[in-house]
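The values are calculated or read from the model by the stated rules, or taken from the named source; none is laboratory data. Being a predicted model, the structure only gives us computed values, none of them experimental. Note that each Cβ is placed from the backbone with ideal geometry, even for glycine, and that neighbours are counted across all protein chains shown. Surface accessibility is based on the protein's heavy atoms, side chains included, excluding ligands, DNA and RNA. Shrake-Rupley method; radii C 1.70, N 1.55, O 1.52, S 1.80 Å.
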Amino acid sequence: MGGREIEPSEELEVRVEIRHLEGTRIGNTSDYSSVRFDIQVEMKEEERRGEELTLSFRFSISTKPPVAKFEVGGRTIILGPSRATEAVLEVDPETQVPTILYMVYQKVFTSLFLLSSFLDSPCPPPDLLYTSKGRRTTPMTEEPEQPESPRVEDQAVAQEPQEVEAVKQG
């Protein structure tokens, strides 16, 4: 799949609503080429009515070395026949990532790009979910619901006293 854009079929409509967007600058580096990105994904089914499926999602992205953290969450609504819906929920056997995650990430990438620009930090790549298995640190599968983790700002402050810049959107 390496980097190609995935579009919903003519019989399927995918809407993505960002409800939470947050970025925190937690360190400095002058060499962005050495920065690697780790991603954790949560996606769960919220509601299924007829030909409409609503999923909630959350992407938590951090850098190594620790330069920035990003979090984006919201919901996606899939409208279409159940066979088309089930097709985008299937896991790609090569990457172990459901097609819908690629579609959602493509829609939220622009917001992550702008946020990283505001923070003067490295931007997660547009093909982050296509990263080879050798560099991915967490498997990209649907995770069971877990208790809410501490806020990004708290994590940054707990690491060590440092200058923290944060940008939030409702």
Subject >> Leading residue by the ranking (modelled with the highest pLDDT) among those in the range 9-28 that are open to solvent by 40 Å² or more (accessible area, probe 1.4 Å) and more than 16 Å from PHE57 (Cβ to Cβ) >> reply: GLU13
**OP:** Determine which single condition ASP120 fails, assuming it passes every other condition in (1) open to solvent by less than 40 Å² (accessible area, probe 1.4 Å); (2) more than 17 Å from the chain's Cα centre (by Cα); (3) among the acidic types (Asp, Glu).
**Re:** (1)
Subject >> Among the residues listed as VAL97, VAL72, the single one being within 19 Å of ILE39 (Cα to Cα), modelled with pLDDT of 95 or more and surrounded by 19 or more Cβ atoms within 10 Å (Cβ to Cβ) >> reply: VAL72
**OP:** Go through the range 75-94 and give me each residue that's open to solvent by 10 Å² or more (accessible area, probe 1.4 Å) and among the polar types (S, T, N, Q).
**Re:** SER82
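Quickly run through the range 58-76 and pick out the residues that are in contact with a Phe, Trp or Tyr (Cβ under 9 Å, 6 or more places away or on another chain) and of a type outside the set (Gly, Ala, Ser). Spell out the reasoning first.
In the first step, residues of the range 58-76 are kept if they are in contact with a Phe, Trp or Tyr (Cβ under 9 Å, 6 or more places away or on another chain); the result is 59-64, 67, 70-76.
Within the range 58-76, PHE59, ILE61, THR63, LYS64, VAL67, PHE70, GLU71, VAL72, ARG75, THR76 qualify.
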